[in-house]
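This report concerns only the one structure given below.
None of the figures in this text is laboratory data; all of them are computed from the coordinates on show. Because the structure is predicted, anything quoted here is derived from the model rather than measured. Note that each Cβ is placed from the backbone with ideal geometry, even for glycine, and that neighbours are counted across all protein chains shown.
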Amino acid sequence: MPIQEVSLRNVTIFDHFWSPRQELITDVTIPYMEKILRDEVPEAKKSHAISNFRMAAGEESGAFYGMVFQDSDVAKWLEAAAYSLLLKPDHELSERVDELVALIGRCQQEDGYLNTYFTVKEPGNRWTNLLECHELYCAGHMMEAGAALHEAAGKDDLLHICIRLADHICDRFEKEEGIPGHQEIEIGLLRLFHVTGKKRYRDMALRFLELRGRDPEWFIKHTPPHPGIHYGGYDIEPSDTIYNQSDVPVREQTVARGHAVRQLYLLAAMADAAAETGDREMLNACQRLFDDITQKQMYVTGAVGSSAYHEAFTVDYDLPPDRCYGETCASVAMVFFAHNMLKNHPDGRFADLMELELYNAALAGMQLDGKRFFYVNPLEVDMRVSGKAPGYEHVLPKRPPWHDCACCPPNLTRLIASLGRYLWSEDDDTVYSHLLIGSEATTRFGRIRMESGYPWQGDACYTVADGGDFTLAIHIPGHAASYTMRVNRHLEEYPVRNGYVYIRRIWNAGDTVSLNFDMPVRRLHADIRVRSCAGKTALARGPFIYCFEEVDQEEQLSSVSLSPEVKIDTVSSLSGLPEGMVCLSMEGKTDVSPDMQYSPDLIRRRPCQLKAIPYYAWANRSPGNMNVWIREQ
Ligand SMILES: [Zn+2]
C-alpha cells in the first residue's frame, strides 16, 4: 500500500498556534473574502468575480471584468469554504455555498464547458489560445473545489458539474494535442481521479504532463496571432517556452525556471503522478528540482521566485532580499509539492519544507486580522525605496485589502483551512506524523493524539488511544540538533531514517511517546554566492525565521549590526503584537553616521538594544522598515 494522507475528515486540529488561525479563517477571512467577491467591500479593489458568473448565466447584464482567470478566485474561495464547513458547521454559509454552486451550474454549457470569460466575452474563441487564456487553469481549480466540497462537506453538486467539465476536456484533449499555458489542470484532474476513481481523469492529467515539452515549439505553432486583447493585463511571447516550462519534457527538467507558480504547480502534479504510477523518472525529476530550489533558489523564509519580471525563478543564488518577489502562491505551492513528495517516500526534508513555508513565507501573506494579504513577500523593506523606486514598485510595506490579480488570498486561505491534510499519513504498517501540530488522527490503526507546545517550545506528546501492532514514525524537525524520546516515560532509542524516528511496538491503549528538544536561537548564514547576504546573519528559533522591524528599534535598521558572540534572549510578545509570541532581544551596535554622504572618517559604533519578531508577523503595526538579514561584525 502506498503512503496515503490521513484524510482531513479524520484529523482534528487543536493546536494553540494553528487553531486560532483556522478560527480566523472560518469566522473572518472566508465571510470577508466572499463580500469582496460580491463587490460589497467599498475599500477593496473591485473583484466582480461572482457578477461574471451571473452574467455568464444570463442573470445580469454588463461586461466581463477582471483577469481572464477571475473564475479561479471563486473556485479557491469555494474550496476554502468547503474546509471551513468541516471545521465549523455553519448553516448560512452552507446555503450560500449551495446557491453559488447552483449559479455555477447555470453557467455550464450544454457540452460541459465552463468559463465565464469566454461565455460572456468571446464565445467563439474558446480553446483557441491555451497559452494565455487559463481555461484549463480555471477548470483545474474548479475541480479542486468540487473534490473538496465532496470530501469535506459531503456536497456533490459541484463535483457533478466538474465531472461534466472534465469529460468535456477529456473528449477534446484525448484526441487533439494541447497543453496548458498555466499548469493546474493536472492537479485538478488527479484530485478528481482520487475522489471518483475514474482512470480517465488520471490518464488525461498524465497526458498533459507527457505532452509538455515534447514539442518545444508547441505554443509557438499553436498560439494565434495576438488578437489585441490583454488577457489579464500581461503579454507572454509564445517563444518564451522557459516561462511555462514547455521547452523540455518534464522528466528531463533539471532546474527550476520561469514563472514560479507554474513551475511549482507542475511539480506538485508530477509528484502526485509519480506516487500514483510509480514512475521513477518522473520522481527523479521532482527530486532534482526539489534539491535545486531548496539549495540554490530559495530565500531563508521559504520564499521562491525572486524576480518580479515574469514572477520567476532567475539564476542560482540570485536572492536579493529587498527586490524579492516571493509570491504567496509560490510558497503555498511549495507546500503542495512537498506534501505530494511525501506520498512517494517519507523524507524529513519534505516535512521541513512544509514547516518552513507554513510558519514563514506562506503565513506572512496574511495580516494577523485575517483581512489583508501580501502578494509579494520581501525580506527587506526601506520605506524610502519600497513601492516607489523603479524596480521596487512591487515591494509593499503594507498588505493591501485586495488585488487586481487576487490569486494569493484565497490560495493561502484554502491552505490554512485544509491544514489537517498535511499532518499525518499512513501505509500498511506505519503511521507518519509530519508536523508538530496538535491534533488527533483516526488512522487504520486507531486514534493517535498529539499535543505539543510547538512552535514556541520543543516538545510533543503522542498518545496511542486504541493500541495495536504498528510503527509510529515521527518526524523530528530538521533544526533540532538532538532530542530525547520517552515511551511510557522510559528513555528509549529507536532507529532514525531520513528525519523520521520509527517506533515499532505492540501498542497498548494509552501508551505515550514524548519528544523533547531544545530550541535555541539559531544564527543562519548564507552561501557566499548569495552576495546580498554576505557578512550577514538571519535569526531563527524553532520553525520561525525572525525579522527586525523599525518600530521596535532605537536606531535606523541600516545602521545596526550584531557581534557573533552576543547573547540573544527570548522575550514575550512586543507591544502591538498578540500575547504568547516569542520575540528576541539582544544588544547590537549602531554605526554613527558621518554628516556627509561619503567621508574618510572611521565608522564609530555604539551599543544599542535590538528586538526581533517572527517574520510572519511583520507589517501588522505602523508601516516601517524591515530586515530579515542583519550585518554581523
Ligand atoms: Zn498568487
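A compact table of results
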| item | result |
| --- | --- |
| Estimated vicinal HN-Hα couplings, Hz - the range 116-122 in sequence order (Karplus 6.51, -1.76, 1.60; Gly, Pro = x) | 6, 4, 6, 5, 7, 9, 9 |
| Mean Cβ count within 10 Å, highest first, over the residues of peptides 565-578, 190-203, 128-141 | 128-141, 190-203, 565-578 |
| For N625, distant residues with modelled amide H under 5 Å away | M383, E550 |
| Evaluated at q = 0.15, 0.19, 0.26 Å⁻¹: base-10 log I(q)/I(0), Debye formula over Cα of the range 383-449 | -0.67, -0.81, -1.12 |
| Size descriptor, Kirkwood hydrodynamic radius, that averages inverse alpha-carbon separations across the range 176-215, Å | 10.2 |
| Cβ-placed point charges (K, R +1; D, E -1), dipole of the range 522-632 about Cα centre in debye, nearest 20 | 400 |
| Mean Cβ count within 10 Å, highest first, over the residues of peptides 602-610, 211-219 | 211-219, 602-610 |
| Length added when fully stretched, N516-A480, from 0.36 nm per residue minus Cα-Cα | 12.0 nm |
| Computed magnitude of the charge dipole of the chain (debye, nearest 20; Cβ of K, R +1, Cβ of D, E -1) | 820 |
| Distance (nanometres) between label positions extended 7 Å along Cα→Cβ at K388 and N284 | 5.3 |
| Filtered GluC sites (Glu not before Pro), the range 392-445: DSSP coil and at most 13 other beta carbons within 10 Å | E393 |
| Cross-link partners of K121 among aspartates and glutamates (Cα-Cα below 17 Å; sequence separation of 8 or more within a chain) | E59, E60, D71, E132, E135 |
| Kirkwood hydrodynamic radius of the range 414-531, from inverse mean 1/r over distinct Cα pairs, in Å | 15.3 |
| Helix runs (DSSP H) in the chain reaching 15 Å along axis by Cα, Kyte-Doolittle at least -1.0 | 71-87, 91-107, 135-153, 157-173, 185-196, 199-211, 260-277, 280-296, 328-344 |
| Radius of gyration and maximum dimension Dmax of the chain, Cα, Å | 24.5, 78 |
| Student exercise, the range 289-447 dipole from Lys, Arg, Asp, Glu Cβ charges, in Debye to nearest 20 | 640 |
| Cα convex hull of the range 32-132 - mean projected area over all directions, nm² | 7.3 |
| Order of C408, C547 under a 10 Å beta carbon neighbour criterion, fewest first | C408, C547 |
| Charge dipole (the chain, unit charges on Cβ, about Cα centre) - positive-most of Q108, F17, H490 | H490 |
| Rg and Dmax [Cα atoms of the range 158-277; Å; Rg one decimal, Dmax integer] | 14.6, 42 |
| At most 15 other Cβ within 10 Å, DSSP loop - trypsin sites (Lys or Arg not before Pro), the range 411-453 | R444 |
| Cα-based radius of gyration of the range 522-632 once divided by 2.2 N^0.38 Å, which approximates compact folds | 1.09 |
| Amide H within-cut-off set for M366, under 5 Å, with H built and near neighbours excluded | F374 |
| Extension gain (nm, one decimal) between K398 and K45, 0.36 nm per residue minus Cα-Cα | 125.6 nm |
| Ratio of Rg to Rh over the range 457-499 (Cα coordinates, Kirkwood Rh, two decimals) | 0.94 |
| Pairwise label distance in nanometres, D111 with C461, each label 7 Å out on the Cα-Cβ vector | 6.3 |
| Placed amide H near F470: partners under 5 Å, 5+ positions off or other chain | R505, W507 |
| Computed over the chain: relative contact order in percent, which uses C-alpha pairs under 8 Å that are six or more apart | 13 |
| Quarter of Cα convex hull surface for the range 337-410, i.e. mean projection, nm² | 6.3 |
| 20 Å Cα-Cα threshold exceeded, pairs from K175/K221; K45/K155; K46/K388 | K45/K155; K46/K388 |
| Lysines with Cα under 21 Å of K343, excluding same-chain neighbours fewer than 8 positions away | K198, K199 |
| Percent of Cα pairs exceeding the 13 Å cut-off, where the set is the range 567-622 | 68 |
